[in-house]
Every structure is written in structure tokens, then in C-alpha cells.
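Enquirer: Quick one: structure below, then a few questions.
The values are calculated or read from the model by the stated rules, or taken from the named source; none is laboratory data. The shown structure was predicted, so the numbers you read here are calculated from the model rather than taken from an experiment. All Cβ positions, even for glycine, are placed from backbone atoms using ideal geometry, and neighbour counts span all protein chains on display. These area figures cover heavy atoms from the full protein model, side chains too; ligands, DNA and RNA do not enter into them. Shrake-Rupley method; radii C 1.70, N 1.55, O 1.52, S 1.80 Å.
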Amino acid sequence: MADPSSYRPKPGQIPDSPGVYKFRDEHRRVIYVGKAKSLRQRLANYFQPLVSLHPRTATMVTTAASVEWTVVSTEVEALQLEYSWIKEYDPRFNVKYRDDKSYPYLAVTLNEEFPRVQVLRGHKKKGVRYFGPYAHAWAIRETVDLMLRVFPVRTCSAGVFRNAASAGRPCLLGYIGKCSAPCVGRVTPEEHRELAEEFCDFMAGRTGTYIRRLEKQMMIAAEDMEYEKAARLRDDIEALRKAMEKSAVVLADATDADLIALAEDELEAAVQIFHVRGGRVRGQRGWVTDKVEAVDTAGLVEHAIQQLYGEESGDTVPKEVLVPALPEDTEAVTAWLAGRRGSNVSLRIPQRGDKKDLMETVARNAQQALVLHKTKRASDLTTRSRALEEIAEALDLDSAPLRIECFDISHLQGEDVVASMVVFEDGLPRKSEYRRFQIKGFEGQDDVRSMHEVISRRFKRYLAEKEKTGEWGLPAEGRGRVDGDGEVPAEDGQDDGRPKRFAYPPQLVVVDGGQPQVAAARRALDELGIDDIAVCGLAKRLEEVWLPGDDDPVVLPRSSEGLYLLQRVRDTAHDFAIRYQRSKRTKRIRTSPLDAVPGLGETRKQALIKHFGSVKRLRQATIEQIREVPGMGLKTAEAVVVALAQAAPAAPAVNTATGEIMEDDGGGTA
């Protein structure tokens with residue numbers, strides 16, 4: 001625990017201007033990022049007597065070991081820089097809304113020649129039109145199924161599309177009228193794109209035009225006594241109305257707005273967002289966060305707005321954002337939103353009417369989400385704390401191991417030897433810091449030597465990163481020093497603070513294995529002069545915990561939460577290592593005889609396979625036939641023939657259900 005006075009900047013050193021500041025811990029890891037209209041006034045608040053600080057703020061400043069700042073010209077720039085740094089550094093004391101699921105979107109791939117309607121999750125892609133998010137994927141599919149009667153846009157994958165095109169026959173949707181079948185040329189690319197754009201217009205809320213147009217066509221068909229056509233149009237209108245009913249009108253005047261509501265207690269907060277487009281609720285999502293910093297409702301709203309719109313632009317940022325409390329600097333946040341949208345954005349608290357009523361509904365959803373989250377997590381928090389305490393007691397540690405790293409070795413009969421490193425912080429997996437290793441020091445199977453190599457490599461990197469921070473070779477009073485502009489001097493050899501692969505040490509290293517593996521890990525640490533990291537091993541056979549130098553294992557009760565956590569850490573490392581080992585083995589098996597041809601790049605390999613259809617047919621080709629492929633000269637064609645002749649033909653594929661030998665007539669891979 002650091003004394004904040006040890007790194008407090010000198011009076012007058014901090015500028016009285018807008019800026020963004022970073023607190024770092026003793027390992028140079030950024031632990032908190034904040035912004036201020038006046039850096040001098042804001043930072044002075046952190047260096048008051050600890051008893052007058054909020055408990056969370058006191059914890060942060062005693063964990064920190066230095067503070068830096070960057071001056072900006074406007075408060076909008078400060079808001080943008082704060083968001084960028086929080087995303088880049090992932091500081092542990094900043095509010096970060098976490099989501100327990102990836103919400104599905106209805107997506108239209110307008111970036112393809114034949115746009116496709118599909119359900120997508122995860123990061124948004126350029127050139128794709130998104131609608132949502134939705135609470136459930138089945139809700140999207142029901143809506144799409146209704147709308148395909150009127151807008152028969154392609155929904156098939158690229159593989160199905162190519163197969164239908166090569167066979168000259170559409171899929172089932174093409175036969176039943178729910179796809180315009182561009183794969184077989186029933187419509188031109190231009191006509192199909194127009195259908196996709198009309199689909200997007202309807203989903204965006206411009207529904208009246210299409211309903212009126214279909215009603216007019218239905219009346220004309222009835223007058224012309226084309227009753228079958230009129231009946232089909234009637235069914236189309238009914239399908240569109242059913243799709244519209246799934247998102248009832250909640251706001252008049254075709255309003256485009258996002259409503260953000262919060263529910264919070266002393267420890268956690270839940271946020272719910274309703275996306276209203278064209279006066280209808282088109283999507284809903286929610287997040288939960290630990291209140292790791294002293295933050296009020298206005299601050300939570302500002303963090304939610306940053307996370308919600310930080311990666312958005314254009315029409316995805318609505319004209320109105322309705323919130324329960326305005327951020328501290330409303331003008332800066334509004335200007336930032338307007339910059340992302342490209343036009344004015346209204347940020348306000350609804351006072352009356354339909355918008356206030358809907359905000360109350362959103363707030364009830366937020367309250368229910370918080371109650372549900374706390375119900376799920378209450379026992380989990382208690383269990384994790386008890387597990388860490390049991391591990392500390394069993395292994396005779398000074399404190400609970402808040403960061404645990406586990407290592408495992410995987411191979412297949414001595415080939416493709418790899419290792420994994422997984423990280424658990426506060427009893428939860430931190431997947432962004434998982435790492436994979438290839439064993440380089442020797443060949444063959446030797447788990448003990450492999451473990452020694454991996455531990456050595458991991459902690460050599462840690463020592464290298466530690467040396468970069470200036471913790472070695474600098475006088476004590478020089479550490480954490482800042483210049484007048486708040487940046488660490490480059491000549492100090494200090495790091496830029498981004499989360500490094502191996503810069504943060506664990507309190508406990510767990511290895512998958514018994515005495516030999518534990519001894520190898522301890523020896524690797526001793527050779528590097530590291531004596532403040534505990535080591536243990538978990539043997540699979542009897543789930544015994546081994547400590548370095550002990551002849552007898554530590555046996556934890558089968559009902560122990562500490563043992564359960566160690567098992568989970570070990571099993572996670574084991575699975576991660578196996579997946580990596582299998583991927584390497586698969587990649588090795590999939591190598592082609594063409595890889596041995598000197599000067600034959602990936603493009604010409606693919607051209608050969610595309611021209612002949614498979615490696616088997618290429619093997620049967622003559623030099624003259626190979627030279628017909630664009631880019632293939634005489635020498636290269638001769639080299640291909642020689643390479644394929646020297647390579648043994650692959651074993652034929654066998655249908656395991658029937659025993660039938662399957663001929664290699666299809667496409668191959670180069």
C-alpha cells in the first residue's frame with residue numbers, strides 16, 4: 001500500500017486547464033483514468049487525508065504509485081481521450097459496464113453483390129446495415145419469416161448460394177416464394193439490391209408507404225378479377241402488419257430516440273437501454289457494473305453514453321438521447337454525440353407525456369435486471385471470497401491470491417508440444433490475458449523440461465517489462481516522477497502503460513502436475529531470482545495439491561471451495577492447451593504437396609486447385625495442361641509435376657457409416 005504523498009505532484013506543477021489524467025500502480029499498469037475541466041482542482045481532491053476520501057477513492061490512491069496527465073484544448077477532446085484510454089488500458093478502478101451476453105442484431109449485408117439478411121452478433125462490420133439489438137434471436141427469425149413474403153431477399157450462406165448457382169436449382173425458399181432466387185438469375189443483382197434496400201426502409205420505420213402500395217395493388221387486382229393475386233397481396237399485407245405488431249408504437253411522430261435508465265445500490269448499478277426508431281421499440285439491451293469508483297448517477301449515465309456510442313457514427317446515434325440525470329458537463333457530452341452523428345443531438349431528461357411514461361418502463365426493467373443479477377451473483381461473490389481464503393490458508397500464503405496463473409503442457413505422442421497459460425483474477429477468468437506457447441528448447445516428450453522452459457520464458461518477460469518501467473537502476477526518489485505536462489520522461493525508460501502480455505505478476509502459480517512439475521517451476525523462478533511468487537501443483541489422479549520441497553501433498557476436503565477453484569483453473573488451462581495443440585496438428589495435417597514447390601505462392605496454388613478441381617486431378621495432369629493455368633511457366637509446371645510425383649497420394653476418405661470409399665472428385669485445398 002502506497003502513501004499518496006510519496007507521488008503527489010509539487011504545487012503549481014499541475015496546469016489549471018482541461019485534461020485527462022492516469023493513475024498507475026507500482027507495476028506501471030494504468031489503474032484509473034479520469035478527465036477534468038481543471039486538472040489542478042480535480043487532482044487536488046485525490047490528495048486529501050485518506051479519512052476524508054470515499055473508501056473506493058482511498059483504495060485507488062493507495063494502490064497507485066504515480067499520476068500523469070495530458071492537457072487538451074477543449075472538454076470535448078477530454079471526453080474523447082478519456083473514452084479512448086479506458087478502452088485501451090482497461091483500468092481496474094474505472095466503471096466498465098459488462099454484459100452477460102452478446103445481443104443479436106438483424107443484419108443486411110449491403111456490402112455484398114447479393115445482400116443477405118441474417119442474424120449477427122459481436123462487432124459491427126463496415127457496409128452492413130444493423131437493426132436491433134434484440135433480446136432473442138428467435139424474435140428476429142419470426143420477423144424475417146413474415147417479411148420474406150413481401151421482400152424475398154436472400155438469407156442463405158455463401159456456400160449454399162454457390163452450390164445452387166452451380167446446380168442451376170434454387171433452394172427450398174426459392175420454390176416457396178420466400179427468396180427471389182438471384183442464385184439462378186430469376187432477378188438481376190440490381191433488382192435484388194432494390195429488394196434489400198426496401199427491406200431496410202421497412203425495418204427503419206418507413207412502413208406506411210409499403211402498406212398503402214400493397215393495398216392499392218390488391219384493389220386493382222380485385223377490380224381486374226385477378227383474385228389469386230389479390231389474395232396473395234392480402235396475405236402479404238397481413239404478414240407485414242403482424243411484423244409491425246411485434247414492435248408496437250410507443251412514441252408519436254415517428255420519434256427516433258434512445259432511452260437510458262439506471263438502477264443502483266451502494267455496490268452495483270444496472271443500465272437498460274430501449275432503442276426507439278420510427279416511434280417503435282426496435283431493440284433493447286442492458287449492462288451491469290461494479291461501482292469500483294466513487295460515482296453518482298450522472299457519472300454512471302456519462303459512462304453508459306461513452307460505451308454505447310463510442311464506436312458508433314451516423315444514424316446509429318439517434319436524434320434524441322433521454323436519460324434519468326444529465327452528465328456533469330452536459331454541453332461537452334452533447335457536442336461529442338453531435339460529432340459522432342454528424343448533426344445535432346438532444347440530450348435531456350423527459351419531464352412529461354409518453355416519453356416520461358416510457359422512461360419509467362425502462363427504469364422498471366433496469367431495477368428487475370439489477371435484482372436478477374444480485375440474486376445470481378450473491379452466492380457467487382461469497383463463494384469466490386471463501387475459495388481464495390481457503391487457498392491462502394492451505395498454502396500458508398500471506399494474503400488471498402487475487403491473481404492466479406496456471407500452466408499446462410499438451411502434446412500428441414511427443415509431437416506438436418505446446419503449453420498454455422490462463423489467468424484468474426478475483427476468482428474469475430481474465431481471458432484477454434490467456435497466452436499460448438510453443439516448446440522451442442528441445443524436441444520430444446518431456447513435461448518437466450517443458451514446464452521449466454515455459455515458466456522461465458514467462459517470467460523472463462516479466463522481468464524485462466519490470467526493467468523497462470524503471471523499477472531497476474533508478475533511484476527511489478525518481479520513480480513515478482512527472483514533468484510539467486504530466487508525461488513520464490522518455491529517458492526514464494518508462495513504459496507507455498498499455499496492458500502488456502507479461503507485465504503483471506501473479507501471487508500464485510499453479511501447474512498441472514505433481515512433484516516433478518512443481519519442482520521444475522520453482523527451479524525456474526529461483527534461477528531468475530524471483531522468490532515472492534508462490535507455486536503449487538494439482539495432480540489429476542487424486543486431486544492432491546503439491547508444494548515445492550514437500551514430500552507429502554496438501555489434501556483439501558472434497559467439498560472445499562478452494563479445491564473447486566483450483567480444479568477450475570487447472571481444467572481451464574488444460575482445455576486451452578488441448579485446443580491449441582489440436583489446431584497446430586490440424587494445420588500440419590492439412591499441408592499440401594504443393595507447399596514443397598519452390599516459388600509457388602498461395603495465389604497460384606489456389607489458381608491450380610480452382611482450375612483442376614482437386615489435387616488428385618492435378619496429379620493426373622500433364623505439364624502442358626498445367627501451363628494453361630494463368631501465371632504458370634514451364635519451370636514451375638515441371639516443379640509441380642515432380643513434387644506431386646514424389647508425394648505419396650493421400651489415403652482415400654471412408655464413409656464410416658457404410659464403409660464406402662469416397663472418391664476425391666470435389667475441390668481440394670492447397
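Enquirer: Output the residue which, of all residues in region 188-222 that are open to solvent by less than 30 Å² (accessible area, probe 1.4 Å) and over 30 Å from VAL317 (Cα atoms), is farthest from the chain's Cα centre (by Cα).
Expert: The residue in question is ALA221.
Enquirer: Mind counting the residues in region 326-347 that are without any contact (Cβ under 8 Å) to a residue 60 or more places away in the chain and either open to solvent by 60 Å² or more (accessible area, probe 1.4 Å) or not in a strand (DSSP E or B) (or both)?
Expert: Keep residues of region 326-347 that are without any contact (Cβ under 8 Å) to a residue 60 or more places away in the chain, which gives 326-328, 330, 334, 337-338, 340-347.
Of the ones still in play, those that are also either open to solvent by 60 Å² or more (accessible area, probe 1.4 Å) or not in a strand (DSSP E or B) (or both) are 326-328, 330, 334, 337-338, 340-345.
Of the residues in region 326-347, 13 are without any contact (Cβ under 8 Å) to a residue 60 or more places away in the chain and either open to solvent by 60 Å² or more (accessible area, probe 1.4 Å) or not in a strand (DSSP E or B) (or both).
Enquirer: May I ask you to say which residue of VAL569, VAL640, VAL554 is in contact (Cβ under 8 Å) with a residue 60 or more places away in the chain, among the β-branched types (Val, Ile, Thr) and crowded, with 19+ Cβ neighbours inside 10 Å? Write out each step before concluding.
Expert: Values: VAL640 fails: in contact (Cβ under 8 Å) with a residue 60 or more places away in the chain; VAL554 fails: crowded, with 19+ Cβ neighbours inside 10 Å.
Selected residue: VAL569, the only one of VAL569, VAL640, VAL554 that is in contact (Cβ under 8 Å) with a residue 60 or more places away in the chain, among the β-branched types (Val, Ile, Thr) and crowded, with 19+ Cβ neighbours inside 10 Å.
Enquirer: Another question about this same structure. Of GLU113, GLU88, which residue is open to solvent by 50 Å² or more (accessible area, probe 1.4 Å) and closer than 30 Å to PRO189 by Cβ? Spell out the reasoning first.
Expert: Values: GLU88 fails: closer than 30 Å to PRO189 by Cβ.
Testing whether each residue is open to solvent by 50 Å² or more (accessible area, probe 1.4 Å) and closer than 30 Å to PRO189 by Cβ leaves just GLU113.
Enquirer: Within region 277-299, does at least one residue satisfy the condition of being in a helix (DSSP H, G or I) and hydrophobic (A, V, I, L, M, F, W, C)? Spell out how you get there, then give the answer.
Expert: Residues of region 277-299 that are in a helix (DSSP H, G or I), as a first pass: 297-299.
The next check asks that each one be hydrophobic (A, V, I, L, M, F, W, C); those that pass are 298.
Checked region 277-299: at least one residue is in a helix (DSSP H, G or I) and hydrophobic (A, V, I, L, M, F, W, C).
Enquirer: Quick one: is PRO649 of a type outside the set (Gly, Ala, Ser) and either in a helix (DSSP H, G or I) or modelled with pLDDT of 65 or more (or both)?
Expert: On the way: of a type outside the set (Gly, Ala, Ser): yes; either in a helix (DSSP H, G or I) or modelled with pLDDT of 65 or more (or both): no.
Judged against the criteria, PRO649 is not a match.
Enquirer: Then there's this: Checking the condition modelled with pLDDT under 85 and of a type in the set (A, V, I, L, M, F, W, C), which residue from LEU43, LEU53, LEU39 passes?
Expert: Details: LEU43 fails: modelled with pLDDT under 85; LEU39 fails: modelled with pLDDT under 85.
Matching residue, one of LEU43, LEU53, LEU39: LEU53.
Enquirer: Now, a different point. Name the single residue, out of those in region 43-75 being outside any helix (DSSP H, G or I) and open to solvent by 50 Å² or more (accessible area, probe 1.4 Å), that is nearest to VAL295 (Cα to Cα). Outline the logic, then answer.
Expert: Residues of region 43-75 outside any helix (DSSP H, G or I): 47-49, 53-54, 64-74.
Filter once more, keeping what is open to solvent by 50 Å² or more (accessible area, probe 1.4 Å): 48-49, 54, 71, 73-74.
Working: GLN48: 18, PRO49: 19, HIS54: 10, VAL71: 23, SER73: 25, THR74: 23 Å.
Among them, the one singled out is HIS54.
Enquirer: Restrict the check to region 512-532 and report whether at least one residue is under 17 Å from ALA387 (Cα atoms), at pLDDT 90 or above, aliphatic (A, V, I, L, M) and out of contact with any Ser or Thr (no Cβ under 7 Å at 6 or more places or on another chain).
Expert: Within region 512-532, the first condition is being under 17 Å from ALA387 (Cα atoms), and the residues that meet it are none.
No: zero hits.
Enquirer: Right, next: Could you tell me whether VAL423 is assigned to a strand (DSSP E or B) and over 14 Å from LEU565 (Cβ atoms)? Before you say what the answer is, go through the steps one by one.
Expert: On the way: assigned to a strand (DSSP E or B): yes; over 14 Å from LEU565 (Cβ atoms): no.
Considered against the rule, which asks whether it is assigned to a strand (DSSP E or B) and over 14 Å from LEU565 (Cβ atoms), VAL423 comes out as no.
Enquirer: Identify the residue in region 310-325 that is in a loop (DSSP other than H, G, I, E, B), at pLDDT 85 or above and touching a helix residue (DSSP H, G or I) at 6+ places or on another chain (Cβ under 7 Å) and, among all such residues, is surrounded by the fewest Cβ atoms within 10 Å (Cβ to Cβ).
Expert: Step one: of region 310-325, the residues in a loop (DSSP other than H, G, I, E, B) are 310-313, 317-319, 323-325.
If we keep only those that are at pLDDT 85 or above as well, we get 317-319, 323-325.
Narrowing further to those that are touching a helix residue (DSSP H, G or I) at 6+ places or on another chain (Cβ under 7 Å): 317, 323-325.
Numbers: VAL317: 20, VAL323: 25, PRO324: 20, ALA325: 15.
Only one residue tops the list, namely ALA325.
Enquirer: I would also like to ask the following. If the requirement is being in a helix (DSSP H, G or I) and closer than 25 Å to VAL418 by Cβ, which of these qualifies: LEU618, LEU525, LEU538, LEU608?
Expert: On the way: LEU618 fails: closer than 25 Å to VAL418 by Cβ; LEU538 fails: in a helix (DSSP H, G or I); LEU608 fails: closer than 25 Å to VAL418 by Cβ.
When all the criteria are applied, what remains is LEU525.
Enquirer: Checking VAL545 against (1) modelled with pLDDT of 85 or more; (2) surrounded by 19 or more Cβ atoms within 10 Å (Cβ to Cβ); (3) under 29 Å from the mean Cα position of the chain (by Cα); (4) not acidic (Asp, Glu), which test does it fail?
Expert: Condition (3) is where VAL545 drops out.
Enquirer: Related question: In region 144-177, which residue that is of a type in the set (D, E, K, R) and not in a helix (DSSP H, G or I) is surrounded by the most Cβ atoms within 10 Å (Cβ to Cβ)? Please lay out each step first, then the result.
Expert: Keep residues of region 144-177 that are of a type in the set (D, E, K, R), which gives 145, 149, 154, 162, 169.
Checking the rest, the ones that are also not in a helix (DSSP H, G or I) come to 149, 154, 169.
Values: ARG149: 18, ARG154: 27, ARG169: 13.
Looking at the filtered set, the residue picked out is ARG154.
Enquirer: Quickly run through region 1-42 and pick out the residues that are under 14 Å from THR70 (Cα atoms) and assigned to a helix (DSSP H, G or I).
Expert: Result: LEU39, ARG40, ARG42.
Enquirer: Another question about this same structure. For the list (1) touching a helix residue (DSSP H, G or I) at 6+ places or on another chain (Cβ under 6 Å); (2) assigned to a helix (DSSP H, G or I); (3) open to solvent by 20 Å² or more (accessible area, probe 1.4 Å), I need the number of the one condition that GLN307 fails.
Expert: Exception for GLN307: condition (1).
Enquirer: Which one is nearest to ASP90 (Cα to Cα) among residues in region 1-22 that are of a type in the set (Lys, Arg) and modelled with pLDDT of 85 or more?
Expert: At the first step, the residues of region 1-22 found to be of a type in the set (Lys, Arg) are 8, 10, 22.
In the following step, the residues that additionally are modelled with pLDDT of 85 or more were identified as 8, 22.
Details: ARG8: 23, LYS22: 12 Å.
So, considering only residues that are of a type in the set (Lys, Arg) and modelled with pLDDT of 85 or more, the one nearest to ASP90 (Cα to Cα) is LYS22.
Enquirer: Follow-up question, since we're still on this one. Take the residues of region 145-180 that are of a type in the set (A, V, I, L, M) and without any contact (Cβ under 8 Å) to a residue 12 or more places away in the chain: which is nearest to ARG232 (Cα to Cα)?
Expert: Among those residues, the one meeting the criterion is ILE176.
Enquirer: For region 343-397, which residues satisfy the criterion of being modelled with pLDDT under 85, more than 26 Å from GLU331 (Cα to Cα) and of a type in the set (Asp, Glu)?
Expert: ASP380
Enquirer: Same structure again: ASP595 passes all but one of (1) surrounded by 15 or more Cβ atoms within 10 Å (Cβ to Cβ); (2) at pLDDT below 80; which number fails?
Expert: The one condition ASP595 does not meet is (1).
Enquirer: Quick check on this structure: which one of LEU308, LEU322 is touching a residue at least 40 places away in the same chain (Cβ under 8 Å) and under 15 Å from ILE86 (Cα atoms)?
Expert: Working: LEU322 fails: under 15 Å from ILE86 (Cα atoms).
Exactly one of LEU308, LEU322 is touching a residue at least 40 places away in the same chain (Cβ under 8 Å) and under 15 Å from ILE86 (Cα atoms), namely LEU308.
Enquirer: Report whether or not ALA78 is buried (at least 18 other Cβ atoms within 10 Å of the Cβ) and without any contact (Cβ under 8 Å) to a residue 24 or more places away in the chain.
Expert: On the way: buried (at least 18 other Cβ atoms within 10 Å of the Cβ): yes; without any contact (Cβ under 8 Å) to a residue 24 or more places away in the chain: no.
No.
Enquirer: Does region 240-297 hold any residues that are of a type in the set (Ser, Thr, Tyr), modelled with pLDDT of 70 or more and crowded, with 18+ Cβ neighbours inside 10 Å, and which are they?
Expert: Applying the first criterion (of a type in the set (Ser, Thr, Tyr)) to region 240-297 yields 247, 255, 289, 297.
From what's left, modelled with pLDDT of 70 or more: 255, 289, 297.
Within region 240-297, THR255, THR289 meet the criteria.
Enquirer: Give all pairs with beta carbons closer than 6 Å in which a residue from region 403-431 that is over 12 Å from ILE578 (Cα atoms) meets a residue that is open to solvent by 10 Å² or more (accessible area, probe 1.4 Å) and among the β-branched types (Val, Ile, Thr); count only pairs at least 6 apart in sequence or on separate chains.
Expert: That search, which allows pairs on different chains as well, returns VAL422/THR572.
Enquirer: Looking at this structure, is LEU39 open to solvent by 70 Å² or more (accessible area, probe 1.4 Å) and touching a Ser or Thr at 6+ places or on another chain (Cβ under 9 Å)?
Expert: Details: open to solvent by 70 Å² or more (accessible area, probe 1.4 Å): no; touching a Ser or Thr at 6+ places or on another chain (Cβ under 9 Å): yes.
Here the answer is no, as LEU39 does not meet what is asked.
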